[in-house]
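Novice: I have a structure here, written as structure tokens, and I will follow up with some questions on it.
The values are calculated or read from the model by the stated rules, or taken from the named source; none is laboratory data. Quick caveat: nothing in here was measured; it's all calculated off a predicted structure. Here the Cβ positions follow ideal geometry from the backbone for every residue, glycine too, while neighbour counts run over all protein chains shown. Surface areas here come from the heavy atoms of the whole protein model, side chains and all, with no ligands, DNA or RNA. Shrake-Rupley method; radii C 1.70, N 1.55, O 1.52, S 1.80 Å.
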Amino acid sequence: MSIPTLPSFDPAHADHSRAFRDALGQFGTGVTIVTCQTPDGPLGMTANSFASVSLDPPLVLWSPAKASRRYGPFIAAKRFGIHVIGADQSELCVNFARDGSGAFAKCDWEANTDGVPLLSGSLARFECAQEALHDAGDHTIIVARVTRVTTSEGAPLLFHAGRYGGFADAS
């Protein structure tokens, strides 16, 4: 059986970024929504660039794109929330991908004692304080110390090859 291949990644080729992006899309990830408070009100952004960094101290990271209109407020945010999204929350995910402030009118949320907008119903919620920023090409890596965690049961929303989906047992 032949395995289909994607175009090779060649930085000298004019369309190398598309081939690289397509190759990265083959890695399935979970989906998060990151939220913060701004002078103009709550702001959110759908992101799949989330990872654990350390258990002791509890650190996580995420990486917003510098080209995003929401980049500045998230870099400036000293406190924010990261929400792991469930399979039944794909509409919420799409809403925050499109509109970072208007999406709050379409969901249940409340502000924590630091004023961070926290979404209801996520599988896991990490309340965070910014620890460090690292330049990373067209993104910035934000490392955060987790100050509080909330979890609930459910199946995760997954992202693969530009599409959202769920998890299927391999049994």
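Novice: In this structure, does Ser54 turn out to be touching a His at 6+ places or on another chain (Cβ under 6 Å) and either modelled with pLDDT of 95 or more or acidic (Asp, Glu) (or both)? Break it down stepwise before answering.
Specialist: Values: touching a His at 6+ places or on another chain (Cβ under 6 Å): no; either modelled with pLDDT of 95 or more or acidic (Asp, Glu) (or both): yes.
No: the conditions fail for Ser54.
Novice: Right, next: Answer yes or no: is there a residue in segment 76-93 that is at pLDDT 95 or above, under 19 Å from His134 (Cα atoms), open to solvent by 30 Å² or more (accessible area, probe 1.4 Å) and in contact with a Leu (Cβ under 9 Å, 6 or more places away or on another chain).
Specialist: No, segment 76-93 contains no residue that is at pLDDT 95 or above, under 19 Å from His134 (Cα atoms), open to solvent by 30 Å² or more (accessible area, probe 1.4 Å) and in contact with a Leu (Cβ under 9 Å, 6 or more places away or on another chain).
Novice: Here's another thing I want to ask about it. Keeping to segment 117-138, report how many residues are open to solvent by 60 Å² or more (accessible area, probe 1.4 Å) and out of contact with any Asp or Glu (no Cβ under 8 Å at 6 or more places or on another chain).
Specialist: 5
Novice: Taking the condition of being open to solvent by 40 Å² or more (accessible area, probe 1.4 Å) and within 13 Å of the chain's Cα centre (by Cα), how many residues in segment 50-60 meet it?
Specialist: 2
Novice: Restricting to segment 150-171, and then to whatever is charged (D, E, K, R) and assigned to a loop (DSSP other than H, G, I, E, B), can you tell me which residue is surrounded by the fewest Cβ atoms within 10 Å (Cβ to Cβ)? It would help to see each step written out before you state the result.
Specialist: Taking segment 150-171 as the starting set, the residues that turn out to be charged (D, E, K, R) are 153, 163, 169.
Then keep just the ones that are assigned to a loop (DSSP other than H, G, I, E, B); that gives 153, 169.
Numbers: Glu153: 6, Asp169: 4.
Ranking the candidates gives Asp169 first.
Novice: While we're here: Just to be sure before I move on: is Ser68 among the small types (Gly, Ala, Ser), in a loop (DSSP other than H, G, I, E, B) and either open to solvent by 30 Å² or more (accessible area, probe 1.4 Å) or at pLDDT below 95 (or both) in the structure I sent?
Specialist: Values: among the small types (Gly, Ala, Ser): yes; in a loop (DSSP other than H, G, I, E, B): yes; either open to solvent by 30 Å² or more (accessible area, probe 1.4 Å) or at pLDDT below 95 (or both): yes.
Yes, satisfied.
Novice: When you check Ala103 against the structure, is it closer than 20 Å to Gln37 by Cα, crowded, with 19+ Cβ neighbours inside 10 Å and at pLDDT below 95, yes or no? Show your work before the answer.
Specialist: Details: closer than 20 Å to Gln37 by Cα: yes; crowded, with 19+ Cβ neighbours inside 10 Å: yes; at pLDDT below 95: yes.
Considered against the rule, which asks whether it is closer than 20 Å to Gln37 by Cα, crowded, with 19+ Cβ neighbours inside 10 Å and at pLDDT below 95, Ala103 comes out as yes.
Novice: Being over 16 Å from Val53 (Cβ atoms), at pLDDT below 95 and in contact with a helix residue (DSSP H, G or I) (Cβ under 7 Å, 6 or more places away or on another chain) is true for just one of Gly137, Gly166, Gly162. Which residue is that? So that I can check it myself, show each step before the final result.
Specialist: Details: Gly137 fails: in contact with a helix residue (DSSP H, G or I) (Cβ under 7 Å, 6 or more places away or on another chain); Gly162 fails: in contact with a helix residue (DSSP H, G or I) (Cβ under 7 Å, 6 or more places away or on another chain).
Matching residue, one of Gly137, Gly166, Gly162: Gly166.
Novice: Scanning segment 71-103 for residues that are in a loop (DSSP other than H, G, I, E, B) and over 13 Å from the mean Cα position of the chain (by Cα), which turns out farthest from Asp138 (Cα to Cα)? Show your work before the answer.
Specialist: Narrowing segment 71-103 to residues in a loop (DSSP other than H, G, I, E, B): 77-78, 85, 99-101.
Subsequent filtering for residues that are over 13 Å from the mean Cα position of the chain (by Cα) retains 77-78, 99, 101.
Numbers: Ala77: 19, Lys78: 21, Asp99: 21, Ser101: 23 Å.
Step by step, filter segment 71-103, then rank; the result is Ser101.
Novice: Run Ser63 past the list (1) exposed (fewer than 15 other Cβ atoms within 10 Å of the Cβ); (2) of a type in the set (Gly, Ala, Ser); (3) modelled with pLDDT of 95 or more and report the number of the one that doesn't hold.
Specialist: (1)
A quick yes/no check of all residues on (1) farther than 25 Å from Phe96 by Cβ; (2) at pLDDT 65 or above; (3) open to solvent by less than 20 Å² (accessible area, probe 1.4 Å); (4) under 13 Å from the mean Cα position of the chain (by Cα):
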{"site": "Ser8", "(1), (2), (3), (4)": "yes, no, no, no"}
{"site": "Ala12", "(1), (2), (3), (4)": "yes, no, no, no"}
{"site": "Asp15", "(1), (2), (3), (4)": "yes, no, no, no"}
{"site": "Arg21", "(1), (2), (3), (4)": "no, yes, no, no"}
{"site": "Leu24", "(1), (2), (3), (4)": "no, yes, no, no"}
{"site": "Ile33", "(1), (2), (3), (4)": "no, yes, yes, yes"}
{"site": "Gln37", "(1), (2), (3), (4)": "no, yes, no, no"}
{"site": "Pro42", "(1), (2), (3), (4)": "no, yes, no, no"}
{"site": "Ala47", "(1), (2), (3), (4)": "no, yes, yes, yes"}
